[in-house]
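To start, the structure itself, in structure tokens.
The values are calculated or read from the model by the stated rules, or taken from the named source; none is laboratory data. The structure presented is a predicted model; accordingly, all values stated were derived computationally and were not measured. Reconstructed Cβ throughout: ideal geometry from the backbone, glycine too, with neighbour counts over all protein chains shown.
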Amino acid sequence: LGVALDRVWRLHRRALRASVLDELTRLLVSTDSLDDVFRAFAGAVAKLMAFDSIAVSLLDAERDEFEIVDVVARSV
């Protein structure tokens, strides 16, 4: 029984990840707003794992620094 439950749990997680990736892909091709993409990404990640906050950073290669472009905070 334990093996069967583990297999079902793994299949559920795999299906959830596929669903989240599909949702993000549809959003990426349908919106011009990076803010919408960042918010949707945070919402999608929240379906997969708990987090207090998530940040998106871009690398400024000229200055060799990361620039934080968006932060989403959530209550876990």
Confirm whether S57 is at pLDDT 85 or above and either within 16 Å of the chain's Cα centre (by Cα) or loosely packed, with under 12 Cβ neighbours inside 10 Å (or both). yes
Listed residues E62, E23; which is surrounded by 11 or more Cβ atoms within 10 Å (Cβ to Cβ), of a type in the set (D, E) and either within 11 Å of the chain's Cα centre (by Cα) or not in a strand (DSSP E or B) (or both)? E23
Check off (1) surrounded by 13 or more Cβ atoms within 10 Å (Cβ to Cβ); (2) touching a Leu at 6+ places or on another chain (Cβ under 6 Å); (3) modelled with pLDDT of 85 or more for A40 and give me the number that stays unchecked. (3)
Which pairs have Cβ atoms under 8 Å, sit 6 or more apart or on different chains, and link a residue in segment 46-59 that is over 14 Å from R17 (Cα atoms) to one that is surrounded by 11 or more Cβ atoms within 10 Å (Cβ to Cβ) and charged (D, E, K, R)? F51/R74; D52/R74; S53/R74; I54/R74; A55/D70; V56/D70
